[in-house]
Amino acid sequence: MLFKRRAALLAAAVLVLLGGTARASIVEVKVPFPFQVRGQTLPAGEYRLTNNGDGVIAILGERGTRAAMFAMTIPASGQDPAGNKPTLTFKRDETNYRLTSIWASGTDGRTVTGK
């Protein structure tokens, strides 16, 4: 299957979107700082985020990054903060960064639920 590649920079995370079907997407990211998802701290590194269209995002460490988890998401409201580019957004809580949303492009965004 052929994939489309795009890149964007936001909150110091570099993203590449490999678009498959309209219902599934894979986003490869390099996050240069530790971040939290649902209360679990993940180390800085490279990750693959997979969305099969069911609201569950699989987050898997790649290339030496040892981490794996699932996160529930809901459709995000509003527009992609980077326009039509793939984007991760984080919220800074004191000394931690928390993953808050994943945007494939435009209005195709998912908000991570829970803390």
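The values are calculated or read from the model by the stated rules, or taken from the named source; none is laboratory data. Being a predicted model, the structure only gives us computed values, none of them experimental. Here Cβ is always computed from backbone atoms with ideal geometry, including for glycine, and neighbour counts include all displayed protein chains. Calculation scope for accessible area: heavy atoms of the full protein, side chains included, ligands and nucleic acids excluded. Shrake-Rupley method; radii C 1.70, N 1.55, O 1.52, S 1.80 Å.
Summary table below
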| read-out | value |
| --- | --- |
| Residues of the stretch 1-55 classified as within 18 Å of residue 73 (Cβ to Cβ) and either modelled with pLDDT of 65 or more or hydrophobic (A, V, I, L, M, F, W, C) (or both), total | 29 |
| Contacts under 7 angstrom Cβ, first residue in the stretch 70-90 being over 8 Å from residue 102 (Cβ atoms) and without any contact (Cβ under 8 Å) to a residue 24 or more places away in the chain, partner of a type in the set (Gly, Ala, Ser) and surrounded by 14 or more Cβ atoms within 10 Å (Cβ to Cβ), 6 or more apart | 70/58; 84/105 |
| Residue list for the stretch 39-56, restricted to those being open to solvent by less than 60 Å² (accessible area, probe 1.4 Å) and either in a strand (DSSP E or B) or touching a Leu at 6+ places or on another chain (Cβ under 6 Å) (or both) | 42, 45, 46, 47, 49, 50, 51, 56 |
| The stretch 68-103, residues that are at pLDDT 85 or above and among the hydrophobic types (A, V, I, L, M, F, W, C) | 68, 69, 70, 71, 72, 74, 76, 88, 90, 99, 102 |
| Residue list for the stretch 57-105, filter: among the acidic types (Asp, Glu) and open to solvent by 50 Å² or more (accessible area, probe 1.4 Å) | 93, 94 |
